């Protein structure tokens, strides 16, 4: 409990990391509401599952570009101010999503949101890093992810119930309220991160070249893209699969409610295990579990059994989510952190983009359940790449 609450001058106070974890979980709850209905919301503008995947791919590409473009901004700016401003953009965007019926207006809002998503994720991650002692970074990352995933347990239930009874618009409105509550909590928490870098790296192409010039960073980047590749299956294709099997949006909520439970139970423990035993073993076991359960799902026709297997696969993801980011900081020096953390975060969008684009193209010609085979093979490839990870304690 000392990681959450500390005693100061005879009084018990919430630690800075504890406050950041609460703030992250509030933002996570808003994201959970939106992601639960996102595929269904997109489908209301589009005519096929493949088009849903391709539009999502385009938005991920926008976010990837934004990570590199925003490097100078992140280096020269207060991280706390950037994070607060990005929350304002998200809160306004969710309100606009709730009322727009025009696809092109929706797309312009979504592009703007994805640009600021890169800034929001980078600034929040650096705040966590800057407020953590180096020897406690892994467990702090585990705590942040545990709190965030707690929000992802209740978020899908709320979103599924509301969407099935009142439509998607009310979900966007509630998510907007949560974002503004998150903003108010952050501004009143006293958390400041005004660390700035004197030498600004403005050359985007040089930043890209320098980032990928290091073999360990390349391996770290590939491994780090694995979890987001997997979540494309869970949060984009499985909602479409559930609807195709004749179940309603409430079942999407049930499924996405259950997905984070293994993460909540195990992620903090796994982050501590990585501190003691290193990262490579966790990476290998985590990817292998996801690969086996996904490939098995391809051969099963019962939708309930498939959903159960995918929930169990989250055990493997609990070994990956809190440890991949910690591993990046372990293999980076202080000068590289601010410059390369933004580019490193593109691994989230690159993984998500590939996880959306490759299956979307394939299901233009094959049944939707082919995605299980695609993701299973991909997870096995990540498993093989894990053998190349440089071990560090």
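Residue 261 versus (1) more than 17 Å from the chain's Cα centre (by Cα); (2) surrounded by fewer than 18 Cβ atoms within 10 Å (Cβ to Cβ); (3) farther than 18 Å from residue 355 by Cβ: which is the lone unmet condition? The failed condition is (1).
Only one entry of 301, 360, 332 meets the criterion of being at pLDDT 80 or above, outside any helix (DSSP H, G or I) and either surrounded by fewer than 24 Cβ atoms within 10 Å (Cβ to Cβ) or touching a strand residue (DSSP E or B) at 6+ places or on another chain (Cβ under 8 Å) (or both), and that entry is 301. If you scan the range 116-142, which residues turn out to be buried (at least 24 other Cβ atoms within 10 Å of the Cβ) and at pLDDT below 75? Answer for the range 116-142, where residues must be buried (at least 24 other Cβ atoms within 10 Å of the Cβ) and at pLDDT below 75: 138, 140, 141, 142. Here residue 252 qualifies as crowded, with 23+ Cβ neighbours inside 10 Å, under 14 Å from residue 311 (Cβ atoms) and in contact with a helix residue (DSSP H, G or I) (Cβ under 9 Å, 6 or more places away or on another chain).
Every test in (1) in a helix (DSSP H, G or I); (2) closer than 28 Å to residue 41 by Cβ; (3) modelled with pLDDT of 80 or more is passed by residue 101 save one, and that test is (1). Just checking, does the range 366-374 include any residue being under 16 Å from the mean Cα position of the chain (by Cα), at pLDDT below 90 and more than 16 Å from residue 226 (Cβ to Cβ)? Checked against the condition, which is being under 16 Å from the mean Cα position of the chain (by Cα), at pLDDT below 90 and more than 16 Å from residue 226 (Cβ to Cβ), the range 366-374 yields no hits at all. Taking first residues from the range 298-327 that are over 17 Å from residue 229 (Cβ atoms) and partners that are surrounded by fewer than 18 Cβ atoms within 10 Å (Cβ to Cβ) and modelled with pLDDT of 90 or more, the Cβ contacts under 8 Å between residues at least 6 apart in sequence or on separate chains come to 300/309; 309/296. Return the total of residues in the range 209-245 being at pLDDT below 85, touching a helix residue (DSSP H, G or I) at 6+ places or on another chain (Cβ under 9 Å) and not in a helix (DSSP H, G or I). Within the range 209-245, residues that are at pLDDT below 85, touching a helix residue (DSSP H, G or I) at 6+ places or on another chain (Cβ under 9 Å) and not in a helix (DSSP H, G or I) number 2.
As a summary of the residue check, residue 291 satisfies the conditions (1) in contact with a helix residue (DSSP H, G or I) (Cβ under 6 Å, 6 or more places away or on another chain); (2) crowded, with 18+ Cβ neighbours inside 10 Å; (3) at pLDDT below 85 except for the one numbered (3).
Quick grid of which residues meet (1) modelled with pLDDT of 80 or more; (2) crowded, with 19+ Cβ neighbours inside 10 Å; (3) in contact with a strand residue (DSSP E or B) (Cβ under 6 Å, 6 or more places away or on another chain):
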position	(1), (2), (3)
28	yes, yes, no
33	yes, yes, no
44	yes, no, no
74	no, yes, no
81	yes, no, no
85	yes, no, no
88	yes, no, no
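The values are calculated or read from the model by the stated rules, or taken from the named source; none is laboratory data. Note that this is a predicted model, so its numbers are computed, not measured. Positions of Cβ are generated from backbone atoms using ideal geometry, with glycine treated the same way; all protein chains shown enter the neighbour counts.
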